[in-house]
Amino acid sequence: MAKPSPDSAARPRLLVLELWGLGDLALAVPFLRATTAHARVTVLAAPSAGPLLARFAPGVEHVALAAPWTAFTGKYRLHRWPWAELRATCRALRERHFDLGISARPDPRDHLLLRLAGVRRRLGFARASSGMILTECVPPPARRHRAEHWRALAATLGWSLAAPEIRPRTGRRIVIHPGAARAVRRWPVERFAEVSRRLVADGWEIETLANALPADALFDALARADFFLGNDSGPGHVAALLGVPTFTIFGPQLPELFAPQHPQAAWIDGAPCPHKPCFDACRFPQPNCLLEIGVDAVMARLRAWLPQ
């Protein structure tokens, strides 16, 4: 468990909830970095969040919780939830006596968790009557992107978020990550291979990363990139944190909600579907919105985006 640096006892204790994936946590990093100037910050996040927090927000404490409602399947089989672990986590959090708690998700489960953790002042975006659990309901931002929710929370508290540090990229190294935790977001690997072949023919240096790369090795590889190409997944958001321009192949999710936060971020959107945005599963035998994106369409967008 990462420990916070020594801090003044006068600073409030802040509990931040981001229990989902790597990309979700990466979008919260600018907020976490800003809050360490104002509070003693604890982040309740998945066990896998440790390496990212240690690298990008070392001033915060990480308390690990694998929230059962973030599972890809079977999330509502309540009899299988780790109730003993949930009770122990809430008890441990109550002993911290948090002054302030925050979630950027309009999720009643997060709001109830803040209440059960004994947080005095609970800020969030109300949904399905969860405003009764919060002590302050923050108006949703005009733009629906998750990063805008973190900015709205910071503005409510009177805190400012620093602009991302963008380093100029003059090389020709493209790092490709063809994986994603959810199968419905994985563009076929053979299409990535064909894109890689064509980019090499165009004079680009390509590094294709393994899906099971350890976190620190993944971060190091992304830091070496001049450009990034991948699915709608966590590595793209980490690349943006590192100042790397990103190109994302979207399928069931919407770029206006989860595009990486880099001023040169670009993407190709999935085919229309009445059920978008989807999160965990597809209503069809396969994600047609993603699979209908062809190599030629991706290459046309990439060549228009990459410097000539």
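Worth pointing out:
- Pairs are defined by a Cβ separation below 8 Å, a sequence spacing of at least 6 or placement on different chains, a first member in segment 204-229 that is among the basic types (Lys, Arg), and a second member that is outside any helix (DSSP H, G or I); the pairs so defined are ARG224/ARG173; ARG224/VAL175; ARG224/GLU207.
- Verdict on ALA128 being small (Gly, Ala, Ser) and surrounded by 13 or more Cβ atoms within 10 Å (Cβ to Cβ): no
- Residue pairs meeting the criteria (Cβ under 7 Å; at least 6 apart or on separate chains; first among the polar types (S, T, N, Q), in segment 254-280; second not in a strand (DSSP E or B)): GLN261/LEU27; GLN261/ALA147; GLN261/PRO164; GLN261/ALA240; GLN264/PRO245
- Qualifying position, being surrounded by fewer than 20 Cβ atoms within 10 Å (Cβ to Cβ), touching a Lys or Arg at 6+ places or on another chain (Cβ under 6 Å) and acidic (Asp, Glu), among ASP226, ASP216, ASP232: ASP226
- Candidates are the residues of segment 242-260 that are part of a loop (DSSP other than H, G, I, E, B) and aliphatic (A, V, I, L, M); the one that is surrounded by the most Cβ atoms within 10 Å (Cβ to Cβ) is VAL244.
- Residues located in segment 89-135, provided they are polar (S, T, N, Q) and in contact with a Cys (Cβ under 9 Å, 6 or more places away or on another chain): SER130
- Checking each residue in segment 103-135 for being closer than 22 Å to LEU25 by Cβ and basic (Lys, Arg) picks out ARG105, ARG109, ARG122, ARG127.
- Exactly one residue out of ALA37, ALA84, ALA26, ALA92 is in a helix (DSSP H, G or I) and either hydroxyl-bearing (Ser, Thr, Tyr) or under 28 Å from PRO164 (Cα atoms) (or both): that is ALA26.
- Residue among THR89, THR70 that alone is under 30 Å from ALA181 (Cα atoms), at pLDDT below 95 and surrounded by 14 or more Cβ atoms within 10 Å (Cβ to Cβ): THR70
- Some residue of segment 53-60 being of a type in the set (A, V, I, L, M, F, W, C), surrounded by 22 or more Cβ atoms within 10 Å (Cβ to Cβ), in contact with a Leu (Cβ under 6 Å, 6 or more places away or on another chain) and at pLDDT 95 or above: yes
- Residue within segment 102-120 that is farther than 24 Å from ALA154 by Cα and either at pLDDT 95 or above or assigned to a loop (DSSP other than H, G, I, E, B) (or both) present: no
- The criterion of at least 2 residues that are under 20 Å from the mean Cα position of the chain (by Cα), under 17 Å from LEU52 (Cβ atoms) and in the same structural domain as MET299 (by TED's automatic domain parsing) is met by the following helices (runs of 4 or more DSSP H) wholly inside segment 137-241: 215-223, 234-241.
- Taken over segment 73-86, the residue count meeting the criterion of being in contact with a helix residue (DSSP H, G or I) (Cβ under 8 Å, 6 or more places away or on another chain), of a type in the set (D, E, K, R) and exposed (fewer than 13 other Cβ atoms within 10 Å of the Cβ) is 1.
- Cβ-Cβ under 6 Å pairs, at least 6 apart or on other chains, segment 281-308 side within 14 Å of ALA271 (Cα to Cα), far side outside any loop (DSSP other than H, G, I, E, B) and polar (S, T, N, Q): none
- Scanning segment 261-276 for residues that are surrounded by 15 or more Cβ atoms within 10 Å (Cβ to Cβ) and assigned to a loop (DSSP other than H, G, I, E, B) yields GLN261, HIS262, GLN264, ALA265, ASP269, GLY270, CYS273, LYS276.
- Yes/no for ARG40 being buried (at least 19 other Cβ atoms within 10 Å of the Cβ), of a type in the set (Lys, Arg) and either touching a residue at least 12 places away in the same chain (Cβ under 8 Å) or touching a strand residue (DSSP E or B) at 6+ places or on another chain (Cβ under 6 Å) (or both): yes
The values are calculated or read from the model by the stated rules, or taken from the named source; none is laboratory data. This one's a predicted model, so the numbers in the text were calculated from it and none came from an experiment. Heads up, the Cβs are rebuilt from the backbone with ideal geometry, glycines too, and the neighbour counts pull from every protein chain shown.
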